[in-house]
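**Student:** So that we are looking at the same thing, I have put the structure below in structure tokens.
The values are calculated or read from the model by the stated rules, or taken from the named source; none is laboratory data. Note that the structure is a prediction, hence the values are computed from the model and not measured. FYI the Cβ positions are ideal-geometry reconstructions off the backbone, even for glycines, and counts take in every protein chain you see. Side chains included, ligands, DNA and RNA excluded: accessible areas come from the protein's heavy atoms. Shrake-Rupley method; radii C 1.70, N 1.55, O 1.52, S 1.80 Å.
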Amino acid sequence: MESPQFENTFQTLPNFLFESVTPTPLSQPRLIHVTDLKTELGLSALDDDELMQWLNGERMLTGEQRIATRYAGHQFGVWAGQLGDGRAISLGELITPKHGRQEIQTKGSGETPFSRRGDGRAVVRSSVREYLCSEAMHGLGVPTTRVLALLTGSDQVQRETIESSALIARVFPTNLRFGHFELCYHFQKKAELKALIDYAKSLFFPKGDLETMLREIVKRTALLMAHWQNVGFCHGVMNTDNMSLLGVTIDYGPFGFLEDTILDHICNHTDHEGRYAFDQQHNIGAWNLERLLVCFKDFVPVEKLREILDSYPYIFRDEYLAMSRKKLGFTTAEEEDQELFLDLLRVLHDERIDFTYFFRSLSSYQIAKPDSLSALFDIYGNLERLRSWLLRYDQRLLNENSDDLKRSFSMKAVNPKFILRNYIAQEVIESVEKGESERLSAWLQVLYRPFDEHPEFEKYSQPTPKELKHFEVSCSS
Ligand code: AMP
Ligand code: MG
């Protein structure tokens, strides 16, 4: 079998942007899980032990070069200076037949020159959450980094309490973040910035000129924000160092999906002001893009940059509205749709109705038959305001001659039955902490196909039980 082929282009960039590093392997490593990406990336020649030793930094593959990259960023709206991969190590860029260039990065591999006061480690709790959510987002059709494998170690790690250590291998075409550009710009490294821009352009945005590339980045970011709002995903730490240049979800930390609909939900308990609250995310997307576009002011006229940035709210609105129409099962577009959708969200918010459960229920609604939602009313009571909203919905559906059966079919393809509820992640974390992998594997199968029925998991599609709500998720990971 052919050995994996590496092409490490990041190292062609100026030295300022990265450092060579040596991972510190986890003690007594255990391979808990490997995804199908192993085959898809052309790594089948490695058996499980070899894969584990490689990812744990105990074995090198031919052609591989390990680096940590230097970046900077704005954290919670404030310039944070130099940051960098403090616990993530890139093992190189694989050239794969199926997915093109894919960088393999391990997270939790020990200290790097950018660890600052951190220990370079990751805990089982945060690693399992990132592992599950990456694949859940993929299943939902939301652009995201993927994962290849999860390892645990016997090393103990100090966070709020002592926790056990783990490592994930994540996969993406590139680790480039807004923060790499901010680094060069703010430290006035002009030649480095030029090299970085040329690199990003030629490898990841080969079509058109530099303006085309920036337009594409703005568009992808707007699209990502629309996706997040559409599935109720709250990232929690939208600092510019956590923004991918490719517009994919990256750096899962204290994220959460809406369970009860709370539009100003804050999923990161260190975010006291709600800067990254659920309903702020699209605004923060624009703020972050502005930080990125500033870095291009020596290369693109300022008025052009302004114009490109100004396109963002329109792209976001159109994308989000198109997704909302699908969520409601409309096949045509009416002027009133946005208002109808926002009014519904307000009702869901005021009544604290489970976001995912509601839209899945609505997928079985029959025109002018509120009883088709009887299970929902059994849980939440009479919901007068929802009933009046349904009268408007009936009218809208009748206007386009909507067919109950056809609509149900298309709505169930966009309104997931399953999302990664915090308590589900918690159940899996506890099982992995015991060294088990069955729950993790079983949940991945559900999350890869969240629109399917999975009757044996029925209870997890219901609103989160009261006693399992209100997990506080901190930034510590
Ligand atoms: P995050 O909030 O996870 O995106 O991390 C922000 C910055 O802190 C990044 O530069 C990380 O590499 C770094 N960092 C987070 N946790 C650790 C850790 N345990 N050890 C070293 N660096 C860390
Ligand atoms: Mg980060």
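**Student:** Using label points projected 7 Å from each Cα along Cα→Cβ, tell me how many nm separate Lys469 and Lys190, to one decimal.
**Tutor:** 5.8
**Student:** Moving on. Any chance you could list the semi-axes, whole Å, largest first, of the equivalent ellipsoid that the Cα gyration tensor gives for the chain, using √(5λ)?
**Tutor:** Rounded to whole Å, the semi-axes are 38, 28, 20.
**Student:** Kindly flag which residue pairs out of Lys107/Lys327; Lys219/Lys297; Lys107/Lys434; Lys326/Lys466; Lys201/Lys297; Lys219/Lys412 have an alpha-carbon separation exceeding 25 Å in this structure.
**Tutor:** Pairs exceeding the cut-off: Lys107/Lys327; Lys326/Lys466; Lys219/Lys412.
**Student:** Quote to one decimal, in nm, the extra length available between Arg317 and Ala333 on full extension: 0.36 nm per residue of separation minus the C-alpha distance between them.
**Tutor:** Length gained between Arg317 and Ala333: 4.4 nm.
**Student:** Return the long-range amide H neighbours of His33 (sequence gap of 5 or more, or a different chain), with a cut-off of under 5 Å between placed amide H atoms.
**Tutor:** Sorted by chain and number, the residues that satisfy this are Leu150.
**Student:** In addition: Taking region 240-390, how much of its Cα-Cα pair set, in percent, is spaced more than 26 angstrom apart?
**Tutor:** In whole percent, the share of Cα-Cα pairs in region 240-390 beyond 26 Å is 41.
**Student:** Right, here's the next one. Considering the options Leu305, Leu246, Gln65, tell which one lies farthest towards the positive end of the dipole of the chain, charges being +1 on Lys and Arg and -1 on Asp and Glu at the Cβ, about the Cα centre.
**Tutor:** Checking the options against the dipole of the chain, the answer is Leu305.
**Student:** Can you sort His235, His269 by 1.4 Å-probe accessible area, starting with the largest?
**Tutor:** Correct descending sequence by accessible area is His269, His235.
**Student:** Sticking with the crude label model, points 7 Å out along Cα→Cβ, report the distance from Arg117 to Ala442 in nm, one decimal please.
**Tutor:** Going from the Arg117 label point to the Ala442 one covers 4.2 nm.
**Student:** Putting +1 on Lys and Arg Cβ atoms and -1 on Asp and Glu Cβ atoms, find which of Pro143, Phe114, His180 reaches farthest to the positive end of the dipole of region 111-191.
**Tutor:** His180
**Student:** Quick check for me: using +1 on Lys/Arg Cβ and -1 on Asp/Glu Cβ, what's the dipole size of region 140-197 about its Cα centre, in debye to the nearest 20?
**Tutor:** Charge dipole of region 140-197: 380 debye, to the nearest 20.
**Student:** Can I ask one more? Show me, for region 287-302, the HN-Hα J-couplings you get by feeding each phi into the Karplus relation (A = 6.51, B = -1.76, C = 1.60, θ = phi - 60°), rounded to Hz, glycine and proline as x.
**Tutor:** Working through the residues one at a time gives 4, 5, 4, 4, 4, 6, 5, 3, 5, 9, 5, 8, 10, 9, x, 4 Hz.
**Student:** Give the residues of region 1-40 whose amide nitrogen is closer than 19 Å to a point set 7 Å from the Cα of Gln65 in the direction of its Cβ.
**Tutor:** So the set is 4-23.
**Student:** Counting Lys and Arg as +1 and Asp and Glu as -1, what is the net charge of the other residues whose Cβ lies under 11 Å from the Cβ of Gln366?
**Tutor:** Net charge in that neighbourhood comes out at -2.
**Student:** Further question: Rounded to a whole number, what % of the accessible area of region 244-388 do carbon and sulfur atoms account for, probe 1.4 Å?
**Tutor:** Ligands and nucleic acids excluded, carbon and sulfur give 49 percent.
**Student:** Go through region 335-345 residue by residue and turn each phi into a ³J(HN,Hα) via Karplus (6.51, -1.76, 1.60, θ = phi - 60°); whole Hz please, and just put x for glycine and proline.
**Tutor:** Each residue of region 335-345 in turn: 3, 6, 4, 4, 5, 4, 5, 5, 4, 5, 4 Hz.
**Student:** Restricting to Cα pairs below 8 Å that are 6+ residues apart, what does the relative contact order work out to for region 324-477? Please round to a whole percent.
**Tutor:** In percent, rounded to a whole number, it is 28.
**Student:** While we're on this one: On the accessible surface of region 10-178, probed at 1.4 Å, how many percent belong to carbon and sulfur atoms?
**Tutor:** Here it works out to 46 percent.
**Student:** How many nm is it between the label spots at Asn283 and Asp298, if each spot is 7 Å from the Cα in line with the beta carbon?
**Tutor:** For the pair Asn283/Asp298, the computed spacing is 3.4 nm.
**Student:** What's the magnitude of the charge dipole for region 1-129 around its Cα centre, counting Lys and Arg as +1 and Asp and Glu as -1 at the beta-carbon? Answer in Debye, nearest 20.
**Tutor:** Using only the charged Cβ atoms, the result is roughly 680 debye.
**Student:** Rank-order 189-196, 119-126 by packing density, defined as the average count of other C-beta atoms within 10 Å over each peptide's residues, highest first.
**Tutor:** Top to bottom by mean Cβ count within 10 Å: 119-126, 189-196.
**Student:** What do you reckon, how do Ile419, Ile367 stack up by accessible area (1.4 Å probe), largest on top?
**Tutor:** I get Ile367, Ile419, largest accessible area first.
**Student:** Given a Förster distance of 25 Å, report the FRET efficiency between Ser20 and Ala80 from their Cβ-Cβ distance, rounded to the nearest 0.05.
**Tutor:** That pair, Ser20 with Ala80, gives E of 0.55.
**Student:** Taking the Cα centre of region 271-353 as origin and charging only Cβ (+1 Lys, Arg; -1 Asp, Glu), how large is the dipole, in debye to the nearest 20?
**Tutor:** 380
**Student:** Under 16 Å Cα to Cα from Lys189, which aspartates and glutamates show up? Leave out anything in the same chain fewer than 8 places away.
**Tutor:** Partners within reach: Asp198, Asp298.
**Student:** Return the FRET efficiency for the residue pair Lys369, Glu273: r is the Cβ-Cβ distance, R0 is 41 Å, and the value is rounded to the nearest 0.05.
**Tutor:** 0.40
**Student:** Further question on the same structure: What is the percent of Cα-Cα separations in region 10-178 that go past 26 Å?
**Tutor:** 26
**Student:** Also, quick follow-up: Convert each backbone phi in region 136-153 into a coupling constant with the Karplus relation 6.51 cos²θ - 1.76 cosθ + 1.60 (shift: θ = phi - 60°), then list the ³J(HN,Hα) values in order as whole Hz, x for Gly and Pro.
**Tutor:** 5, 5, 4, x, 7, x, 9, x, 7, 5, 10, 10, 9, 7, 10, 10, 10, x
**Student:** Under the definition of Cα pairs under 8 Å and six or more residues apart, what whole-number percent is the relative contact order of region 244-342?
**Tutor:** 14
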